[in-house]
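Asks: I'd like to ask you about the structure that follows.
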Amino acid sequence: MKKYDIVVIGGGPAGLAAAIEAKKEGIDQILVIERDRELGGILQQCIHNGFGLHVFKEELTGPEYAERFINELRSLGIDYVLDTMVLEITEDRTVHCVSSADGYRIIESQAVILAMGCRERTRGAIAIPGYRPAGVFNAGTAQRYMNMEGYMVGKKVVILGSGDIGLIMARRMTLEGAQVMAVAELMPFSGGLTRNIVQCLDDYDIPLLLSHTITKIEGKNRVEAVTVQAVDENLKPIEGTERVYECDTLLLSVGLIPENELSRSAGVAIDNATKGPIVNESMETSVEGIFACGNVVHVHDLVDFVTEESRRAGKAAAKYVKQEMATSMAILETKAQEGIGYIVPQRIRMENVGEQLPLLMRVRNVYHKAELSVKIDGVEVKRLKKAHLAPGEMERIDLPKALIEAHLGKYISVEVVKEA
Amino acid sequence: MTKDLVCIVCPVGCRLTIEKDDTAENGYRITGNTCKRGINYAIEEMTHPTRMVPTTVKIEQAFLKRLPVRTDRPIDKKLIFEAMKVINDFTCIAPIKMGDVLIENILGTEVNIIATRSMDKV
Ligand SMILES: Cc1cc2nc3c(=O)[nH]c(=O)nc-3n(C[C@H](O)[C@H](O)[C@H](O)COP(=O)(O)OP(=O)(O)OC[C@H]3O[C@@H](n4cnc5c(N)ncnc54)[C@H](O)[C@@H]3O)c2cc1C
Ligand code: SF4
């Protein structure tokens with residue numbers, strides 16, 4: 001049995017960046033395991049531009065962004081296997097995987113990096129009454145069919161959910177000659193980036209129906225119509241507001257959930273708010289030697305942030321293998337307070353913090369002209385003005401190490417302060 | 001007359017306002033931008049709006065049926081659907097390298113259609 005220093009699970013942008021960084025830190029025996037037929041993860045189907053502005057200072061499409069990292073991985077001579085599914089990881093970092101070429105394999109590793117990404121919430125999770133005809137797709141599945149396999153999924157389309165994937169697909173289907181009749185969004189605000197509302201909906205006069213949901217699907221064999229209905233502030237459909245849209249396709253873009261069955265099998269503790277592993281400043285999970293990064297930890301909207309986070313995970317895993325990681329008992333926790341949905345990392349060991357501690361978070365609501373207040377043990381240490389905050393846009397605060405040390409306490413909290 | 005715009009040059013998505021101002025060098029008064037690119041965007045949006053177009057073309061002898069492509073620079077917004085017709089009539093044959101120019105000077109705009117990934121011959 002071959003023993004590796006680091007095994008990376010998932011060959012998307014997170015896994016690629018982590019492996020590359022670990023290699024640059026001098027680790028030689030690295031293996032990336034990917035279940036798909038190629039590396040690159042979800043980026044291979046995201047053919048639109050908008051990637052790489054932070055990392056490459058250029059605006060790239062998903063496949064271009066992925067190819068740069070794949071080329072780097074290859075040129076560094078890092079091992080990877082494709083068409084190989086990891087089935088289980090144990091607490092002692094033994095990885096069980098299966099492929100048609102090699103059968104069932106058990107691989108031991110000193111450190112493991114979880115980079116399995118996320119998957120789309122399925123329709124069952126949001127229960128729409130009506131038949132279950134053909135023509136109902138998850139937006140990401142439709143994206144894969146259209147952009148990689150070349151199947152047009154429909155001609156008259158209604159989209160439920162205004163996350164980025166739904167918005168991007170509205171434009172994509174319009175460009176390919178479909179008529180996108182409306183995008184319905186349950187919440188009073190969109191979960192997508194504002195630029196995507198402008199360039200994907202407004203540009204093509206596609207209406208965005210905020211505070212609306214789909215209450216009925218008609219059609220026995222294929223979708224024939226859907227009923228769109230306004231909802232009240234408790235998200236309950238309002239009687240009398242029903243509107244029927246004749247269509248042949250319904251795309252669901254109702255969110256992503258980190259894919260953590262494997263993490264659970266290894267005994268990794270999961271955060272209820274992020275649905276991903278609880279991690280510390282080094283992106284290490286609750287199980288020693290198991291690290292995590294990218295969408296498996298929390299859903300990112302910008303791959304650039306995935307890359308940055310994954311580089312930190314790769315670097316830390318290398319440090320762990322080289323036994324240079326400080327395992328301090330003194331731990332600070334982060335607390336999401338008023339208006340904040342979650343903060344990553346959840347736990348901090350100051351010994352391993354560089355000059356800055358990056359805190360990534362999402363707000364719960366849309367705010368104009370608000371402030372983010374950072375406190376240590378309830379004492380404010382930093383305040384940032386924000387012209388605009390929205391749940392669809394991840395916020396990042398870099399806290400200088402010196403600032404935290406000057407106030408050393410038990411927890412760091414962040415809250416939204418609305419303008420008086 | 002002032003107009004509200006959202007800058008789409010980068011994901012920050014600054015909210016801009018633009019107003020004609022004959023005393024300004026470029027003829028407009030623009031506020032709300034975080035960087036200079038926002039100014040250019042606002043002026044272009046008022047005078048001749050353009051967009052990047054990412055899409056796919058048919059590919060033969062590759063492991064997938066579609067190859068992702070994009071315009072190598074933004075194209076006149078009014079020409080997007082016409083350009084899509086040309087792109088959808090085009091078929092390429094593997095192998096293709098990322099960055100290869102597949103359609104040159106589309107619709108006489110000087111914009112090229114380039115491959116956004118490599119695909120080997122199978
Ligand atoms: C539809 C969509 C549109 C997006 N648009 C943009 C955009 O415009 N701009 C932007 O910057 N970002 C965008 N993003 C975000 C960005 O692409 C993602 O955040 C990024 O791809 C996440 O990287 P990842 O490596 O964590 O996950 P992924 O890319 O999902 O990669 C995870 C990989 O792990 C593999 N895997 C999972 N489980 C196993 C297993 N058990 N065994 C082996 N392999 C496994 C998967 O096959 C996959 O290849 C978009 C995301 C989506 C989903
Ligand atoms: S003004 Fe600059 S920072 Fe703001 S959205 Fe435009 S390009 Fe981005």
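Asks: Report yes if B:K85 is more than 16 Å from A:G177 (Cβ to Cβ), away from ligand 1 (no atom under 16 Å from the Cβ) and surrounded by fewer than 20 Cβ atoms within 10 Å (Cβ to Cβ), otherwise no. Please lay out each step first, then the result.
Replies: Values: more than 16 Å from A:G177 (Cβ to Cβ): no; away from ligand 1 (no atom under 16 Å from the Cβ): yes; surrounded by fewer than 20 Cβ atoms within 10 Å (Cβ to Cβ): yes.
Considered against the rule, which asks whether it is more than 16 Å from A:G177 (Cβ to Cβ), away from ligand 1 (no atom under 16 Å from the Cβ) and surrounded by fewer than 20 Cβ atoms within 10 Å (Cβ to Cβ), B:K85 comes out as no.
Asks: Additional query: Within the range A:91-99, can one find any residue that is among the hydroxyl-bearing types (S, T, Y), within 14 Å of ligand 1 (Cβ to nearest atom), touching an Asp or Glu at 6+ places or on another chain (Cβ under 6 Å) and over 20 Å from A:E21 (Cα atoms)?
Replies: Filtering the range A:91-99 down to residues among the hydroxyl-bearing types (S, T, Y) leaves A:94, A:99.
Within this subset, residues satisfying the condition of being within 14 Å of ligand 1 (Cβ to nearest atom) are A:99.
Going one step further and asking which of them are touching an Asp or Glu at 6+ places or on another chain (Cβ under 6 Å), we end up with A:99.
Add one more test, that the residue is over 20 Å from A:E21 (Cα atoms), and what stays is A:99.
Yes, that holds for at least one residue.
Asks: Can you tell me which residue is nearest to A:L39 (Cα to Cα) among those in the range B:89-113 that are crowded, with 18+ Cβ neighbours inside 10 Å and β-branched (V, I, T)?
Replies: Among them, the one singled out is B:I96.
Asks: Say we look at the range A:50-61 and pick out the residues that are within 8 Å of another protein chain (Cβ to nearest Cβ) and not hydrophobic (A, V, I, L, M, F, W, C); which of these is most open to solvent (accessible area, probe 1.4 Å)?
Replies: That would be A:E59.
Asks: A follow-up question, please. Whether any residue in the range A:63-76 is within 16 Å of A:G294 (Cα to Cα), out of contact with any helix residue (DSSP H, G or I) (no Cβ under 8 Å at 6 or more places or on another chain) and more than 9 Å from chain B (Cβ to nearest Cβ) is what I want to check. Before you say what the answer is, go through the steps one by one.
Replies: Within the range A:63-76, the subset within 16 Å of A:G294 (Cα to Cα) is A:65-66, A:69.
Imposing the further condition that a residue be out of contact with any helix residue (DSSP H, G or I) (no Cβ under 8 Å at 6 or more places or on another chain) reduces the set to none.
Checking the range A:63-76: not a single residue is within 16 Å of A:G294 (Cα to Cα), out of contact with any helix residue (DSSP H, G or I) (no Cβ under 8 Å at 6 or more places or on another chain) and more than 9 Å from chain B (Cβ to nearest Cβ).
Asks: Across the range B:16-45, which residue is surrounded by the fewest Cβ atoms within 10 Å (Cβ to Cβ) among those that are among the charged types (D, E, K, R) and within 9 Å of ligand 2 (Cβ to nearest atom)?
Replies: Filtering the range B:16-45 for residues among the charged types (D, E, K, R) gives B:19-22, B:25, B:29, B:36-37, B:44-45.
Still in the running and within 9 Å of ligand 2 (Cβ to nearest atom): B:36-37.
Working: B:K36: 8, B:R37: 13.
Here the residue is B:K36.
Asks: Continuing with the same structure: Name every residue in the range B:3-15 that is at pLDDT below 90 and either open to solvent by less than 20 Å² (accessible area, probe 1.4 Å) or within 16 Å of ligand 1 (Cβ to nearest atom) (or both), in order of residue number.
Replies: B:I8, B:V9, B:C10, B:P11, B:V12, B:G13
Asks: Residues of the range A:246-269 being of a type in the set (S, T, Y) and open to solvent by 20 Å² or more (accessible area, probe 1.4 Å), which ones? Can you show your working first?
Replies: Taking the range A:246-269 as the starting set, the residues that turn out to be of a type in the set (S, T, Y) are A:249, A:253, A:263, A:265.
Of everything in the range A:246-269, just one residue is of a type in the set (S, T, Y) and open to solvent by 20 Å² or more (accessible area, probe 1.4 Å), namely A:S265.
Asks: Among (1) part of a loop (DSSP other than H, G, I, E, B); (2) away from ligand 2 (no atom under 16 Å from the Cβ), there is one condition A:V228 misses while meeting the rest; what is its number?
Replies: The failed condition is (1).
Asks: Give the residues of the range A:304-320 that are within 16 Å of ligand 2 (Cβ to nearest atom) and open to solvent by 10 Å² or more (accessible area, probe 1.4 Å), sorted by residue number.
Replies: Answer for the range A:304-320, where residues must be within 16 Å of ligand 2 (Cβ to nearest atom) and open to solvent by 10 Å² or more (accessible area, probe 1.4 Å): just A:F305.
Asks: Mind listing just one residue for me: the one in the range B:5-30 that is part of a loop (DSSP other than H, G, I, E, B) and more than 14 Å from every other protein chain (Cβ to nearest Cβ) and, of those, nearest to A:K57 (Cα to Cα)? Give the steps one after another, and end with the answer.
Replies: Going residue by residue through the range B:5-30, those that are part of a loop (DSSP other than H, G, I, E, B) are B:7-14, B:21-27.
Those left that are additionally more than 14 Å from every other protein chain (Cβ to nearest Cβ): B:21-27.
Working: B:D21: 32, B:D22: 34, B:T23: 33, B:A24: 30, B:E25: 28, B:N26: 26, B:G27: 29 Å.
The selected residue is B:N26.
The values are calculated or read from the model by the stated rules, or taken from the named source; none is laboratory data. Note that the coordinates shown come from a computational prediction; the quantities given were computed from them, not determined experimentally. Quick reminder, even Gly has a Cβ in these numbers, built from the backbone with ideal geometry, and neighbours come from all protein chains shown. In case anyone asks, the SASA skips ligands and DNA or RNA and just uses the protein heavy atoms, side chains included. Shrake-Rupley method; radii C 1.70, N 1.55, O 1.52, S 1.80 Å.
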